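Asker: This structure is in structure tokens; I'll ask about it shortly.
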Amino acid sequence: MESQYSPAKIEKKWQKTWADQKLHDTSTDRSKPKFYALSMFPYPSGNLHMGHVRVYTIVDVIARLKRMQGYRVLNPMGWDAFGLPAENAAIERNIPPAKWTYANIDQMRQELKNLGISFDWNKEVTTCSPDYYKWTQWIFLQFLEAGLAYQKEALVNWDPIDQTVLANEQVDSEGKSWRSGAKVERKLLRQWFFKITDYAEQLIPDLDQLKGWPERVLLMQANWIGKSTGAHVTFTTEQGDDLTVFTTRPDTLWGATFMVISPEHPLVEKLTTPKQAKAIKAYQAEAAGKSEMDRTAEGREKTGVWTGSYAINPVNEAKVPIWIADYVLVDYGTGAIMAVPAHDQRDFEFAKTFDLPIQLVVQRDVKISDSPFQVVAQPPNDPLDAKTMTKAYPDEGVMVNSGPLDGVPAGKSKGQSVDAAVQWLEANQKGKGTVNYRLRDWLISRQRYWGCPIPIVHCPDCGIVPVPADQLPVALPEDVEISGKGSPLAKLDTWVNVPCPTCGTPAKRETDTMDTFMCSSWYYMRYPDAQNSEEVFDRAIANDWMPVDQYVGGIEHAILHLLYSRFFTKVMRDRGFLACDEPFQRLLTQGMVQGKTYKNPKTGKYVTPQTIKDFANPVDPGTGDALEVVYEKMSKSKHNGVAPGDVIAKYGADTARMFILFKAPPEKDLEWDDADVEGQFRFLNRVWRLVTETSVGVDGARHCAPTSNFKNLTKEEKDLRRAIHTAIKEVTEDLQDDYQFNTAIAELMKLSNALTDAKCKQSSVYGEGIATLVRLLAPFAPHIAEELWHHLGNIESLHLQSWPQLDSDALIADEITLVIQVMGKTRGTVQVPASATREELEDYARNSEAGQKHLEGQTIKKVIVVPGKLVNFVIG
């Protein structure tokens with residue numbers, strides 16, 4: 001046994017021993033309750049960063065704790081390995097994306113092992129591996145068979161130079177491509193979609209099942225799905241076409257004075273009069289150059305062009321002009337809106353810009369007198385006037401100028417104007433009450449190489465033909481040239497041209513690949529049966545482990561990844577493969593790891609710390625400007641990252657783990673501080689010395705003698721045992737539900753201090769304390785804890801031991817410290833029996849040295865006794 005704590009030696013030793021013993025393999029003992037601990041799998045970018053260290057350490061503590069508490073634990077790891085960065089790397093380095101990706105995986109896997117994370121590597125999945133994406137393709141076919149996958153034309157961000165589709169995030173603030181710099185166009189392309197909207201009615205109410213999710217994530221999900229109740233109403237154009245709108249305020253139909261449709265709406269050409277054709281074409285071209293974000297931004301100038309045509313308002317037969325405007329999107333809702341400028345601010349601004357009529361249909365409500373004897377309706381002092389309005393009036397009131405709704409209270413409460421309007425529309429066959437969702441169907445097509453191929457063949461005779469399941473996977477070809485311009489697959493004739501699987505006619509493969517969210521929406525289903533080559537997973541095995549008990553990952557995935565995973569789970573349930581409604585029972589969204597950052601406030605540029613000479617007064621070495629010192633999310637571009645490998649090399653993995661857990665609660669952002677890292681290293685050194693230098697008999701610490709042996713203890717032994725079991729209680733509670741790792745480690749420090757200060761170091765109680773400290777430390781710092789456990793003479797791994805059990809009797813104090821106060825000021829303390837009555841406590845206080853000193857010659861007017869705490873004398 002080393003006299004000095006040397007993490008470099010012991011960590012490698014135990015990592016090898018655990019691997020040789022298969023200590024982290026998933027137990028198949030179904031007599032134990034299951035616990036599925038899952039961290040969001042990473043994109044293999046090359047090296048771990050501190051954000052990775054945080055999330056995987058959090059999950060590892062949970063997994064190790066649950067094993068010690070008697071659970072069989074599944075704690076898997078894999079790689080979200082498809083995506084655009086690998087294509088970019090292939091272009092920059094002139095190497096195949098697969099080679100770059102797998103090299104990164106090897107690097108990151110070893111770094112995870114160096115951290116001592118107890119992953120079961122037998123469960124490893126890699127989404128770019130054919131043995132994984134075969135089943136991604138199979139799931140696509142399941143969606144197709146269920147009527148949930150379809151093709152349609154959709155507007156996309158198109159880079160005309162690189163000939164590829166861009167995500168919104170790849171379009172800069174000037175509407176240019178992040179890579180080529182070309183002005184991005186909005187272009188209609190035939191794309192594959194998943195009908196997630198078919199599950200919208202389940203996705204919202206089932207949020208109520210997710211009691212273990214953060215409230216803000218539930219709210220983000222609900223807002224993204226965006227359930228709205230209202231009505232579909234059909235206007236008729238002068239040309240005789242139907243133009244249907246959805247509105248949440250059908251009661252304001254009588255105030256609709258114009259309509260707006262998307263520049264891409266299929267009726268635009270038919271509605272455009274010859275006089276307006278030139279202006280319409282110019283506006284459509286201008287709109288095509290704007291991103292969706294630009295078009296829908298709040299506060300932007302309202303633009304639009306009149307088509308020259310009118311529609312008939314079905315409720316009052318009024319002719320209303322039809323305009324096109326870019327803030328209406330063709331693939332959102334019906335691509336058309338009715339405009340009620342008196343009661344919608346966006347419509348109001350549009351009407352004012354183009355001098356369109358404003359019709360008031362909701363008047364400020366009548367006022368009710370405050371008299372307790374009578375209810376008197378009075379007209380408002382300042383009634384609204386459409387001619388003088390300076391902004392829209394969206395609030396409640398009373399319906400006016402609305403035919404059958406006049407006088408009805410305006411609002412959505414039961415029996416008010418919205419209900420009345422829907423009833424009237426349905427009774428008169430003018431419209432129908434309905435539910436609408438903000439959620440849109442999921443576009444899964446990508447015009448890229450490094451993604452999962454869509455298993456479809458396009459046959460001139462048979463149409464869309466799915467690749468038969470026994471011919472999966474449709475493998476990515478390796479002999480491709482990746483230039484970053486267009487889809488490499490579409491240019492590879494030997495891959496594209498194939499016979500139709502149904503009739504044998506020459507046909508063509510689908511050249512789009514799938515959105516990488518496809519791969520990450522079901523990986524947690526695969527983990528329990530990751531090596532299965534015959535089916536997507538064995539249903540009995542998957543349903544034994546599903547749902548995930550604890551999921552941990554970043555808040556940036558709060559919407560899309562979690563929403564798509566919930567959707568996949570429900571579809572796979574309905575296809576008979578899963579028995580659960582939701583994939584993740586509990587969700588923890590950990591905060592970011594931030595580093596000290598030096599920023600020039602004038603230029604906005606970040607400065608490398610190595611170039612700064614005086615950290616007390618840092619200046620930009622290039623300009624001489626004083627620098628701001630702030631904590632921001634670690635990143636290469638900000639020069640504020642800390643490499644996990646460097647920390648491990650200097651302090652060891654256990655110190656890195658302890659710091660990342662102790663610095664802040666898991667859901668809060670964490671500010672990296674080298675001094676605090678050093679503090680955790682010192683603490684582990686103290687624990688090392690405490691255990692290795694103790695003279696207690698090894699047997700006392702090894703066996704943790706049962707409670708029945710702890711009789712006739714001295715006061716010092718009772719106090720120490722109380723500290724031991726207080727630590728067990730507090731640490732156990734801190735690791736339940738909210739996972740307050742920082743306060744749990746603080747309790748370990750308290751126990752360490754109590755053992756250091758103990759006067760009964762030859763006692764079996766001290767032995768119990770030493771062993772308890774080591775066992776409580778095990779999930780947090782597994783290497784040093786294992787080494788110390790074996791130093792105590794144990795043979796079997798610490799991580800196979802049970803979690804320390806609380807002895808509630810040990811928490812009961814024989815004596816308490818009674819505080820003595822005079823006129824509210826503390827004058828002293830005295831040790832008294834914990835069972836003392838109020839009268840006895842008063843006597844102890846009066847007769848104590850402090851009591852006699854401060855009460856002598858005084859008249860006591862009142863005595864306040866707080867049992868178990870204090871006695872306060874009021875004198876006069």
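Asker: Any idea which of Cys128, Trp138, Leu166 is furthest toward the positive side of the dipole for segment 110-173, if Lys and Arg beta-carbons carry +1 and Asp and Glu beta-carbons -1?
Answerer: Trp138
Asker: Here is a further query. Here are several values of Cα extents along the principal axes in Å: (i) 102, 88, 66; (ii) 92, 62, 57; (iii) 106, 64, 64. Which one was derived from the coordinates shown?
Answerer: Read-out from the structure maps to (i).
Asker: I've got another one for you. Which of the GluC sites (Glu not before Pro) across segment 757-798 are loop residues per DSSP, with 16 or fewer other Cβ within 10 Å?
Answerer: Taking segment 757-798 and a limit of 16 other Cβ atoms within 10 Å, the loop GluC sites (Glu not before Pro) found are Glu796.
Asker: Next question. Given Cβ point charges of +1 (Lys, Arg) and -1 (Asp, Glu) and nothing else, what value in debye, to the nearest 20, does the dipole of the chain about its Cα centre take? Don't jump to the answer; show the numbers that get you there.
Answerer: Working: 99 positive and 114 negative charges, 190 e Å.
In debye, rounded to 20, the chain gives about 920.
Asker: Let me know the longest stretch in the chain that avoids all chymotrypsin sites (Phe, Trp or Tyr not before Pro) found in a DSSP loop with at most 14 other C-beta atoms within 10 Å. Show your work: numbers first, answer last.
Answerer: On the way: sites that count: Trp178, Tyr332, Phe373, Phe615.
Free of exposed loop sites, the longest segment is 616-876.
Asker: Hey, can you grab everything whose amide H is under 5 Å from the amide H of Phe258? Only 5+ residues off in sequence or another chain; H modelled, so Pro and N-termini drop out.
Answerer: The list, which skips near neighbours in sequence, is Ala339.
Asker: Name the residue from Pro274, Val245, Ser262 whose Cα lies farthest towards the positive end of the charge dipole of segment 238-287, charges +1 on Cβ of Lys and Arg and -1 on Cβ of Asp and Glu.
Answerer: Pro274
Asker: For segment 468-584, give the magnitude of the charge dipole about the Cα centre (Cβ charges: +1 Lys/Arg, -1 Asp/Glu; no others), in debye to the nearest 20. Don't skip to the answer; put the middle values down first.
Answerer: Values: 10 positive and 18 negative charges, 70 e Å.
Using Cβ point charges on Lys, Arg, Asp and Glu, segment 468-584 gives about 340 debye.
Asker: Given a cut-off of 18 Å, name the pairs among Lys12/Lys113; Lys113/Lys668; Lys599/Lys638; Lys319/Lys432; Lys9/Lys650; Lys319/Lys430 whose C-alpha atoms lie farther apart than that in the structure shown. Before the final figure, lay out the partial values.
Answerer: Working: Lys12/Lys113 9 Å; Lys113/Lys668 26 Å; Lys599/Lys638 8 Å; Lys319/Lys432 21 Å; Lys9/Lys650 12 Å; Lys319/Lys430 16 Å.
Lys113/Lys668; Lys319/Lys432, as the Cα separations exceed 18 Å there.
Asker: Related question: Summing Lys, Arg as +1 and Asp, Glu as -1, what charge do residues with Cβ under 14 Å from the Cβ of Arg300 carry, Arg300 excluded?
Answerer: On the way: positive: Lys290, Arg295, Lys302, Arg346; negative: Glu286, Glu292, Asp294, Glu298, Glu301, Asp326, Glu349.
Surrounding charge for Arg300 is -3.
Asker: If each of Asp674 and Met823 carries a label point 7 Å out from its Cα toward its Cβ, how far apart are those two points in nm?
Answerer: For the pair Asp674/Met823, the computed spacing is 5.4 nm.
Asker: What ³J(HN,Hα) values, in whole Hz, does the Karplus curve 6.51 cos²θ - 1.76 cosθ + 1.60 give for segment 333-344 when θ = phi - 60°, with x put for Gly and Pro?
Answerer: x, 9, x, 9, 9, 8, 10, 10, x, 5, 10, 9
Asker: Starting from 0.36 nm per residue, how many nanometres of slack lie between Asn685 and Thr611 once their C-alpha separation is accounted for?
Answerer: Between Asn685 and Thr611, full extension yields an extra 23.3 nm.
Asker: While we're looking at this one, here's another question. Counting only other residues whose beta carbon sits under 15 Å from that of Gly431, what net charge do I get with K and R as +1, D and E as -1?
Answerer: Net charge in that neighbourhood comes out at -2.
Asker: Which aspartates and glutamates have a Cα less than 19 Å from the Cα of Lys491, not counting those fewer than 8 places away in the same chain?
Answerer: Glu87, Asp159, Asp162, Glu478, Asp479, Glu481, Glu510, Asp512
Asker: Which FRET efficiency value, to the nearest 0.05, do you get for Asp331 and Asp355 by plugging their Cβ-Cβ distance into 1/(1 + (r/R0)^6) with R0 = 30 Å? Could you put the intermediate results ahead of the total?
Answerer: Numbers: r = 30 Å, r/R0 = 1.01.
After rounding, the FRET efficiency stands at 0.50.
Asker: Trypsin sites (Lys or Arg not before Pro), restricted to segment 567-635: which are DSSP loop and have at most 12 other Cβ atoms within 10 Å?
Answerer: Here the sparse-neighbourhood loop sites are Lys602, Lys613.
Asker: Through the Karplus equation 6.51 cos²θ - 1.76 cosθ + 1.60, θ set to phi - 60°, convert the phi angles of segment 43-51 into ³J(HN,Hα) values in whole Hz; use x for Gly and Pro.
Answerer: Result, ordered by residue: 7, x, 8, x, 9, 5, 10, 5, x Hz.
Asker: Which residue, chosen from Leu112, Ala86, Pro97, occupies the Cα position most advanced towards the positive end of the dipole of segment 1-119, where the dipole is computed from +1 (Lys, Arg) and -1 (Asp, Glu) charges on Cβ about the Cα centre?
Answerer: In segment 1-119, that residue is Leu112.
Asker: Using the heavy atoms of the protein chains and a 1.4 angstrom probe, tell me the accessible area per residue for the chain in square angstrom.
Answerer: With the other protein chains kept in place, the chain gives 45 Å² per residue.
Asker: Where does the chain land at 222 nm, in deg cm²/dmol rounded to the nearest 500, when only DSSP H runs of n ≥ 4 count, each adding -39500 (n - 2.57), divided by all residues?
Answerer: Dividing the helical sum by the residues of the chain leaves -10000 deg cm²/dmol.
Asker: Then there is this: Which value in nm describes the separation of the simple spin-label points at Glu693 and Thr234, placed 7 Å from the Cα toward the beta carbon?
Answerer: In this crude spin-label approximation the distance works out to 8.8 nm.
Asker: Just to check I understand the Karplus step: with θ = phi - 60° and J = 6.51 cos²θ - 1.76 cosθ + 1.60, what whole-Hz values come out for segment 250-256, glycine and proline as x?
Answerer: x, 5, 9, 3, 5, x, 6
Asker: What angle, in degrees between 0 and 90 and rounded to the nearest 10, separates the Cα long axis of helix 838-847 from the longest principal axis of the Cα atoms of the chain?
Answerer: Computed tilt is about 50 degrees.
Asker: Now for a different question. Of Lys123/Lys508; Lys195/Lys508; Lys134/Lys633; Lys66/Lys195; Lys183/Lys613; Lys633/Lys729, which sit over 32 Å apart, Cα to Cα?
Answerer: Lys123/Lys508; Lys134/Lys633; Lys66/Lys195; Lys183/Lys613; Lys633/Lys729
Asker: Here's something else I'd like to know. Around Gln202, with a cut-off of 12 angstrom between Cβ atoms, what is the net charge of the other residues, counting Lys and Arg +1 and Asp and Glu -1?
Answerer: Within the 12 Å Cβ shell, the charges total -3.
Asker: Out of the GluC sites (Glu not before Pro) in segment 1-87, which ones are loop residues according to DSSP with at most 12 other C-beta atoms within 10 Å?
Answerer: Counting only loop positions with at most 12 other Cβ atoms within 10 Å, the GluC sites (Glu not before Pro) in segment 1-87 are Glu2.
Asker: Asp20 to Glu396: extension gain in nm, 0.36 nm per residue of separation minus the Cα-Cα distance? Write down the numbers at each step before the final one.
Answerer: Working: separation 376, 0.36 × 376 = 135.36 nm, distance 7.12 nm.
Extra length available between Asp20 and Glu396 comes to 128.2 nm.
Asker: If you fit an axis through the alpha-carbon atoms of helix 345-354 and take the longest principal axis of the Cα set of the chain, what angle between them do you get, 0 to 90°, nearest 10?
Answerer: Helix 345-354 sits at roughly 40 degrees to that axis.
Asker: A further question on this structure: Using a basic spin-label model with each label point 7 Å from the Cα along Cα→Cβ, how many nm lie between Glu733 and Gln202?
Answerer: 4.1
The values are calculated or read from the model by the stated rules, or taken from the named source; none is laboratory data. As the structure is a computational prediction, the values presented were derived from the model and not from experiment. Cβ: placed from backbone, ideal geometry, glycine included. Neighbour counts: every protein chain shown. The accessibility values were calculated without ligands, DNA or RNA, using every heavy atom of the protein model including side chains. Shrake-Rupley method; radii C 1.70, N 1.55, O 1.52, S 1.80 Å.
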